[in-house]
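Trainee: Sharing a structure, written as structure tokens. Questions coming.
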Amino acid sequence: AAFPQMHGSSGINAEYGDMIGTIDLAKLELSESEKTLIKTDVDDLINFSHLISKNDGQAVDELELSLLHATEGTKKKETDISTTALSKVYQLTGFSDPIYAEAYINVNQYDIVLDVLVVNQTPDTLQNLTLELATLGDLKLVDKPSPITLAGNDFCNTKAQVKVASTETGIIFGNIVYDVSGVSGDRSCVVLNDIHIDIMDYIVPASCSDTEFRKMWAEFEWENKVSVQTNITDMNSYLDHILGCTNMKCLTPKQALLGDCGFLAANMYAKSVFGEDALANISIEKLPDTGALSGHIRIRAKSQGMALSLGDKITLSQKKEAGA
């Protein structure tokens, strides 16, 4: 192959310099239309996509937005933890305990399954580690977890099943006992936090006629009277608040609740998955001098546990609402 003849370094530098100069001059030569074209005004807004919040109503360039989606992907919307599975996770021990435990509560109508995560936070091997549970209320422990051996800084999952017989506030409590490998003496014990079963998982809104309501109201012997203590000043808003926290249905027609007369009375009804009926009557008035609500809620049920559980739920919801 023939190679081009080289004329020395001085000749090459001269030719390269002429070529670069020609390119620079071509770039600098602009047409009259390009000279007068204004791409961005002095006071135009510059959008920095990384500094713009997703909730802001500012205008975003479509090209910038598409590039942002292509590079970052579509992000999931933030959800309330109380509506997710995390709301069913209960911490059973402290972070400083030798064993950390938390339970996920899976409610399946008549059964409650506890999926317990057990973490060994010590470097020692724990033998015969047993999750000992007991129940208070109308609950019955069906499956007892088997003893396990847990290596140092290891973790495992164990399950326990609890049978529910009625709508009553139930409590699951217990402890974790274990032996440390190579250490003689009494078994170690870690006491667990109590788990309170939410009765709202078993109560659903229901309907009945006025005749049936009055008949059951006369027959049911257990009554729980709860005083109204709230920061809500609107009577209909307070009624909606009580209906939401108790899963009950208002039997009084909406037409009867319209208007502003300073007094409100309504009947509520709910039924449990076990066939238990729950009746409630709310009677409140708006005090003319302070504007606060005063009155009481009467709950009637066939069983004592049902009446007490609903009363505790209303009292707790009033405390949370007042604290907010």
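Trainee: Which condition from (1) surrounded by 14 or more Cβ atoms within 10 Å (Cβ to Cβ); (2) assigned to a strand (DSSP E or B); (3) free of Cβ contacts under 8 Å to residues at least 40 places away in the same chain is the one that Pro145 breaks?
Mentor: (2)
Trainee: Quick one: is Ser207 of a type in the set (Gly, Ala, Ser) and open to solvent by less than 60 Å² (accessible area, probe 1.4 Å)? So that I can check it myself, show each step before the final result.
Mentor: Numbers: of a type in the set (Gly, Ala, Ser): yes; open to solvent by less than 60 Å² (accessible area, probe 1.4 Å): no.
Spelling it out, it is not the case that Ser207 is of a type in the set (Gly, Ala, Ser) and open to solvent by less than 60 Å² (accessible area, probe 1.4 Å).
Trainee: A further question follows. It is to be established whether one or more residues within the stretch 233-241 are part of a loop (DSSP other than H, G, I, E, B) and open to solvent by 30 Å² or more (accessible area, probe 1.4 Å). Please lay out each step first, then the result.
Mentor: Start the filter on the stretch 233-241 by keeping residues that are part of a loop (DSSP other than H, G, I, E, B), which leaves 233-234.
From what's left, open to solvent by 30 Å² or more (accessible area, probe 1.4 Å): 233-234.
Within the stretch 233-241, one or more residues are part of a loop (DSSP other than H, G, I, E, B) and open to solvent by 30 Å² or more (accessible area, probe 1.4 Å).
Trainee: OK, next. Pairs only if they're at least six apart or on different chains, beta carbon under 7 angstrom, first in the stretch 245-259 and surrounded by fewer than 16 Cβ atoms within 10 Å (Cβ to Cβ), second small (Gly, Ala, Ser); list them, first residue then second.
Mentor: As it stands, the answer is Leu257/Ala266, since those pairs meet every condition given.
Trainee: Any residue in the stretch 234-252 that is over 21 Å from Arg298 (Cα atoms) and not β-branched (Val, Ile, Thr)? If you could, list the steps in order and put the result at the bottom.
Mentor: The first filter runs over the stretch 234-252 and keeps only residues over 21 Å from Arg298 (Cα atoms), leaving none.
No, the stretch 234-252 has no match at all.
Trainee: Of everything in the stretch 98-142 that's touching a helix residue (DSSP H, G or I) at 6+ places or on another chain (Cβ under 9 Å) and open to solvent by 50 Å² or more (accessible area, probe 1.4 Å), which residue is modelled with the highest pLDDT?
Mentor: The residue in question is Tyr104.
Trainee: Right, here's the next one. Which condition does Tyr269 not pass, out of (1) without any contact (Cβ under 8 Å) to a residue 40 or more places away in the chain; (2) of a type in the set (Phe, Trp, Tyr); (3) open to solvent by less than 50 Å² (accessible area, probe 1.4 Å), if it passes all the others?
Mentor: (1)
Trainee: Okay, next question. Which residue pairs have Cβ atoms closer than 6 Å, lie 6 or more positions apart in sequence or on different chains, and pair a first residue in the stretch 298-318 that is touching a residue at least 24 places away in the same chain (Cβ under 8 Å) and in a helix (DSSP H, G or I) with a second residue that is surrounded by 17 or more Cβ atoms within 10 Å (Cβ to Cβ) and among the charged types (D, E, K, R)?
Mentor: These pairs meet every condition: Gly305/Glu168; Met306/Glu276; Ser309/Glu168.
Trainee: Among Gly94, Gly185, which is without any contact (Cβ under 8 Å) to a residue 12 or more places away in the chain, open to solvent by 20 Å² or more (accessible area, probe 1.4 Å), at positive phi and not in a strand (DSSP E or B)?
Mentor: Working: Gly94 fails: at positive phi.
Only one candidate qualifies: Gly185.
Trainee: Name the one entry in Thr149, Thr167, Thr158 that is under 16 Å from Ser188 (Cβ atoms) and not aromatic (Phe, Trp, Tyr). Reasoning before the result, please.
Mentor: Working: Thr167 fails: under 16 Å from Ser188 (Cβ atoms); Thr158 fails: under 16 Å from Ser188 (Cβ atoms).
Residue meeting the stated conditions: Thr149.
The values are calculated or read from the model by the stated rules, or taken from the named source; none is laboratory data. Predicted, not measured: the structure shown is a model, and the values here were computed from it. No Cβ is skipped: glycine too gets one built from the backbone with ideal geometry, and neighbour counts run over all protein chains shown. These accessible areas exclude ligands, DNA and RNA; they are computed on the full protein's heavy atoms, side chains included. Shrake-Rupley method; radii C 1.70, N 1.55, O 1.52, S 1.80 Å.
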